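Written out below as structure tokens is the structure these notes cover.
The values are calculated or read from the model by the stated rules, or taken from the named source; none is laboratory data. All values derive from a computational prediction rather than experimental measurement. When we count neighbours, we look across all protein chains shown, and the Cβ atoms used for this are built from the backbone with ideal geometry, even at glycine. When the accessible area is computed, the model is the full protein with side chains, heavy atoms only, and any ligands, DNA or RNA have been set aside. Shrake-Rupley method; radii C 1.70, N 1.55, O 1.52, S 1.80 Å.
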Amino acid sequence: GRTPMGSIRKSTLIAAVLAVTATPSLFATPDPDPATARKASQVTSGGAIEPEMLRLREAAWRAWFASDETALRQMLPPEFLGIDMGYGPFSDLEKTLEESRAFRAEGGRLVRLEFPETRAQQFGDVVVLYGRFSVVLESEGKANTLSGRLTEVFVRRAGRWWHPGWHLDLVSTP
């Protein structure tokens, strides 16, 4: 069956990182300087997360719930991969857009969106966000609160951040 969120899609970290690293067009031309290459390959975590990335993440969520296909296409690249928080198969960009449209067409509405915890790891031009989310959705006049964990991947390409993959899972609430 469908999840209460209308089959939202998010990809696993492994699938997203594979998609990112298997697609050379996502990255700028490599710098031949070894010192620069070493710096770009260093992993950073626990530091401040770029506000632009947090805005992009929230904008992507809000665009999905609003079925704003134009906005989603400006954030999610053609190589996008996602996995249903339920038991569904992987989805690509077109399937993700289709599910967003279906959520909205079925009368779904986002009431509240929160990210109470977010951590990041940066691998050069790739950033992985790990965190928790809480959403309140309304459908058929009933509010439903869903909480879970997230893993989202971002890639800097041509001076801007893209969101090529995500994964969500729901956690039980007492």
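Selection of region 151-174 for residues being within 17 Å of residue 90 (Cβ to Cβ) and buried (at least 18 other Cβ atoms within 10 Å of the Cβ) yields 151, 152, 153, 163, 164, 165, 166, 167, 168.
Quick one: in region 79-101, of everything that is over 14 Å from the mean Cα position of the chain (by Cα) and more than 16 Å from residue 62 (Cβ to Cβ), which residue is surrounded by the most Cβ atoms within 10 Å (Cβ to Cβ)? Among those residues, the one meeting the criterion is 95.
Only a single criterion out of (1) within 20 Å of residue 134 (Cβ to Cβ); (2) open to solvent by 70 Å² or more (accessible area, probe 1.4 Å) is not satisfied by residue 54, namely (2). Among the residues making up region 65-81, those that are touching a strand residue (DSSP E or B) at 6+ places or on another chain (Cβ under 8 Å) and within 26 Å of residue 142 (Cβ to Cβ) are 65, 66.
Inspect region 142-159 for any residue being part of a strand (DSSP E or B), over 18 Å from residue 50 (Cα atoms) and under 15 Å from the mean Cα position of the chain (by Cα) and give the result as yes or no.
The answer is yes, given that some residue of region 142-159 is part of a strand (DSSP E or B), over 18 Å from residue 50 (Cα atoms) and under 15 Å from the mean Cα position of the chain (by Cα).
Taking each residue of region 92-121 that is free of Cβ contacts under 8 Å to residues at least 24 places away in the same chain and looking for partners that are open to solvent by 40 Å² or more (accessible area, probe 1.4 Å) with beta-carbon atoms closer than 7 Å, six or more apart or interchain, yields 92/81; 93/78; 116/132; 117/132. In region 138-150, which residues are of a type in the set (A, V, I, L, M, F, W, C) and open to solvent by 10 Å² or more (accessible area, probe 1.4 Å)? If the condition is that a residue be of a type in the set (A, V, I, L, M, F, W, C) and open to solvent by 10 Å² or more (accessible area, probe 1.4 Å), then 143, 146 are the ones that fit. Quick check, is residue 123 open to solvent by 60 Å² or more (accessible area, probe 1.4 Å), more than 14 Å from the chain's Cα centre (by Cα) and more than 19 Å from residue 65 (Cβ to Cβ)? Answer is yes for this residue.
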